[in-house]
Amino acid sequence: MLVQLAALVALTIAVSAWIAHPTKPGGDNAGANTGTTAGAGAAVPSGGPAKASPRRTPSRRTEPTTAASRPRTSHTRAAPPINAPHTKTPHTKAPHTKTPHTKTPHTEAAPTKDRSTASTKSAGPSGATKAPPATASTNPLALAAGERKRCAPAASACVDLKRHITWLQSKGRVLFGLVRMMPGIGEHATPTGVFRVVYKDKDHISNIYYDTMPYSIFFATGGIAFHEGSLNRSSHGCVHLSMAHAAHYFQVLQPGNTVAVF
């Protein structure tokens, strides 16, 4: 009984030692454990073989991976970009060439004289065109001393059928003219004599020839009048004037004024 109890105690001690120190194959603990077991077995009397302690297969321990064992990957740092030097192009300013201003001399044209008509001026609200008076010293149609006497000083308008000219006067002094006119000839000749202005009609139309007679100033029987008309063909007895001169005569002459035709 004591022998069995001693064997049980020895087995308990061996198991505890094995648990505390697991055996490795081929190691020192194996021989120690074997010796302990053998010793225990030798001390056991012939009461029977000792029970073999169960062997545990040691777990494979994995060694931790260290930074030294890791493969080192080389990191190549890209070189910084090389900035090309900025070259500033100088601004070249073209020289300003000032062109000299050449002033053209102003040449005033000499005034031309119209021998057929005098220059006109605008009259008042009646729409008549007023022409400036032409004197004998400036008008090429100047009267000779003998011709002036042919028109009575009391006449306001004088008509020279031979020279185809007419003028306005006051007490023998020429106020306007001399100007060109066209009378009637042949069977439609303009009558001669001293007449008086009867009436005026600015927009008259002939009831015989159905022609327009602008600025008509009637002074003789048969419808004889000053009015605007052609200076290149004869009239039916009237005294044709240019439009401007007819308008001026229409403005100046009034009913009752004397007209001398010679």
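The values are calculated or read from the model by the stated rules, or taken from the named source; none is laboratory data. In this text, all values refer to a predicted model and were calculated from it rather than measured experimentally. Note that we place each Cβ from the backbone using ideal geometry, even for glycine, and neighbour counts take in every protein chain shown.
Okay, here's what the table says:
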read-out	value
Residue ID - surrounded by the fewest Cβ atoms within 10 Å (Cβ to Cβ), chosen from residues in the range 129-183 that are at pLDDT below 75 and in a strand (DSSP E or B)	LYS130
Count of the range 212-253 residues which are within 54 Å of the chain's Cα centre (by Cα) and farther than 18 Å from LEU161 by Cα	10
Residue count for the range 163-195, restricted to those that are within 15 Å of SER235 (Cα to Cα) and of a type in the set (D, E, K, R)	2
Enumeration of residues in the range 187-205 that are touching a His at 6+ places or on another chain (Cβ under 8 Å) and either over 17 Å from PHE262 (Cα atoms) or assigned to a strand (DSSP E or B) (or both)	HIS204
Matching residues in the range 215-262 - criterion: being outside any helix (DSSP H, G or I) and aliphatic (A, V, I, L, M)	ILE217, ALA220, ILE224, ALA225, LEU231, VAL239, LEU241, LEU253, VAL259, ALA260, VAL261
Residue match in the range 112-122 (condition: surrounded by fewer than 16 Cβ atoms within 10 Å (Cβ to Cβ), at pLDDT 95 or above, polar (S, T, N, Q) and part of a loop (DSSP other than H, G, I, E, B))	no
